[in-house]
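Worksheet for the structure shown next.
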Amino acid sequence: MPHKLSRMPDIRAEYVKALGSLARKPRGEVRIPRLELALPAVSADAGQLAAYRRICGFGGGDSLPITYPQVLAAPLQMRLLTRSEFPLPLLGLVHLRNRIEQKKPLPADASYQVDVGVGNSHQTDKGLEFDLVTSFADGQGAELWRAVATVLFRNRKPSGGNRKPAAEPEPAISDYVTFDAPADIGRRYGRVSGDLNPIHLTPWTAKLFGFPRAIAHGMWSLARCAALLEGPLGREPKELTVQFRQPLLLPGRVALRYKRDASVINFVLLNRGSGKTHLTGALG
């Protein structure tokens with residue numbers, strides 16, 4: 001049974017705890033226990049939702065953007081991962097991929113039961129991967145929205161020496177739109193979403209973690225893609241999947257290439273200068 005909270009945690013306080021998690025030094029075989037938290041009544045703040053729509057490019061409407069529940073649940077996720085039972089340091093974790101399933105649009109003015117939990121974990125040649133599962137349900141307990149974020153903790157060097165990764169296949173995608181990621185988008189999105197990871201905020205804080213400049217939030221890049229694809233999809237989305245490939249350094253210039261195949265739009269976000277793939281995904 002998940003541990004139930006009575007109110008949403010303060011995400012800024014949780015980030016202070018996240019800094020303290022750098023003291024965690026897991027060695028050898030790491031085991032992640034099954035952890036769960038629940039909050040019975042969560043609703044969107046109208047001001048935050050409006051700001052989120054603006055910064056990601058979503059139009060107005062009576063329902064939540066498909067990516068927004070992840071933002072709404074972020075303080076609960078942070079509380080879960082800062083618990084003493086969770087063995088890994090939070091800063092330095094890498095978001096690899098995400099799968100969102102939405103059974104029907106979520107009214108923006110409704111209240112939801114939110115559950116978060118740490119799911120399956122397994123060792124790979126790059127490190128330990130685990131799933132962070134988030135669920136939104138109605139007042140009767142029926143699940144309406146579910147996201148599984150797969151996260152990597154690097155605790156071993158990749159095998160294969162200095163071998164370069166295989167080249168990305170050229171996607172069979174016909175349409176495209178372009179947009180820019182401004183230098184300050186990490187700070188602006190961080191204020192809206194509460195994601196204050198230092199790799200997104202300034203060049204000097206990003207350099208502390210090995211990046212030459214600040215990088216865009218993966219969930220901002222994904223939401224921006226989803227917002228641009230709302231029109232071509234022509235209906236409320238039911239599913240969104242993404243694989244994060246290369247960080248988007250700020251400022252950045254990108255092209256969103258896409259193609260509709262039956263009821264699904266496949267897409268790829270490419271750097272307009274280098275041609276590198278930042279993410280690939282599907283909206284359906």
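Return the residues of segment 70-121 that are closer than 18 Å to G141 by Cα and of a type in the set (D, E); say none if nothing qualifies.
E101, D109, D115
Being in a loop (DSSP other than H, G, I, E, B) and closer than 22 Å to Q243 by Cβ is the requirement here; does K126 meet it?
Yes; evaluated as a whole, the condition is true for this residue.
Restricting attention to segment 258-272, does a residue exist that is at pLDDT 95 or above, of a type in the set (A, V, I, L, M) and either closer than 23 Å to F153 by Cβ or in a loop (DSSP other than H, G, I, E, B) (or both)?
No, the conditions are met nowhere in segment 258-272.
Is segment 77-84 home to any residue that is touching a Lys or Arg at 6+ places or on another chain (Cβ under 6 Å), hydroxyl-bearing (S, T, Y) and not assigned by TED's automatic domain parsing to the domain that holds P247?
Filtering segment 77-84 for residues touching a Lys or Arg at 6+ places or on another chain (Cβ under 6 Å) gives 82.
Filter again for hydroxyl-bearing (S, T, Y), leaving 82.
Keeping just the survivors that are not assigned by TED's automatic domain parsing to the domain that holds P247 gives 82.
Yes: one or more hits.
Counting only residues that are loosely packed, with under 15 Cβ neighbours inside 10 Å, farther than 22 Å from R31 by Cβ and charged (D, E, K, R), how many does segment 103-141 have?
Of the residues in that region, 3 qualify.
I need the full set of residues from segment 29-49 which are surrounded by 15 or more Cβ atoms within 10 Å (Cβ to Cβ) and either small (G, A, S) or assigned to a helix (DSSP H, G or I) (or both), in order please.
Those that are surrounded by 15 or more Cβ atoms within 10 Å (Cβ to Cβ) and either small (G, A, S) or assigned to a helix (DSSP H, G or I) (or both): A38, A44, Q48, L49.
From R213, R224, grab the single residue that is surrounded by 15 or more Cβ atoms within 10 Å (Cβ to Cβ), assigned to a helix (DSSP H, G or I) and in contact with a helix residue (DSSP H, G or I) (Cβ under 6 Å, 6 or more places away or on another chain). Lay out the reasoning, then the answer.
On the way: R213 fails: assigned to a helix (DSSP H, G or I).
So the residue among R213, R224 that is surrounded by 15 or more Cβ atoms within 10 Å (Cβ to Cβ), assigned to a helix (DSSP H, G or I) and in contact with a helix residue (DSSP H, G or I) (Cβ under 6 Å, 6 or more places away or on another chain) is R224.
Pick out the one residue from T241, T205 that is in a helix (DSSP H, G or I) and either surrounded by fewer than 18 Cβ atoms within 10 Å (Cβ to Cβ) or on the phi < 0 side of the Ramachandran plot (or both). Step through it out loud before you land on a result.
On the way: T241 fails: in a helix (DSSP H, G or I).
On inspection, the qualifying residue turns out to be T205.
Considering each of L64, L5 in turn, give the residue that is surrounded by 12 or more Cβ atoms within 10 Å (Cβ to Cβ), under 17 Å from the mean Cα position of the chain (by Cα) and farther than 27 Å from T124 by Cβ. Even if it seems obvious, please write down each step before you answer.
Details: L5 fails: under 17 Å from the mean Cα position of the chain (by Cα).
Exactly one of L64, L5 is surrounded by 12 or more Cβ atoms within 10 Å (Cβ to Cβ), under 17 Å from the mean Cα position of the chain (by Cα) and farther than 27 Å from T124 by Cβ, namely L64.
Have a look at L90, L106 and point out the one that is at pLDDT 95 or above, of a type in the set (A, V, I, L, M) and either over 23 Å from L279 (Cβ atoms) or under 19 Å from the mean Cα position of the chain (by Cα) (or both). Steps first, answer last, please.
Values: L90 fails: at pLDDT 95 or above.
Selected residue: L106, the only one of L90, L106 that is at pLDDT 95 or above, of a type in the set (A, V, I, L, M) and either over 23 Å from L279 (Cβ atoms) or under 19 Å from the mean Cα position of the chain (by Cα) (or both).
From the residues in segment 96-123 that are of a type in the set (A, V, I, L, M) and part of a loop (DSSP other than H, G, I, E, B), which one is farthest from R53 (Cα to Cα)?
At the first step, the residues of segment 96-123 found to be of a type in the set (A, V, I, L, M) are 96, 100, 106, 108, 110, 114, 116, 118.
Of the ones still in play, those that are also part of a loop (DSSP other than H, G, I, E, B) are 106, 108, 110.
Working: L106: 15, A108: 12, A110: 17 Å.
Among residues in segment 96-123 that are of a type in the set (A, V, I, L, M) and part of a loop (DSSP other than H, G, I, E, B), the one farthest from R53 (Cα to Cα) is A110.
Might you check whether a residue that is in contact (Cβ under 8 Å) with a residue 24 or more places away in the chain, hydrophobic (A, V, I, L, M, F, W, C), within 27 Å of P237 (Cβ to Cβ) and not assigned by TED's automatic domain parsing to the domain that holds L248 occurs anywhere in segment 13-31?
Looking through segment 13-31, none of the residues is in contact (Cβ under 8 Å) with a residue 24 or more places away in the chain, hydrophobic (A, V, I, L, M, F, W, C), within 27 Å of P237 (Cβ to Cβ) and not assigned by TED's automatic domain parsing to the domain that holds L248.
The values are calculated or read from the model by the stated rules, or taken from the named source; none is laboratory data. On a predicted model such as this, the values are computed, not experimentally measured, just so you know. Heads up, the Cβs are rebuilt from the backbone with ideal geometry, glycines too, and the neighbour counts pull from every protein chain shown.
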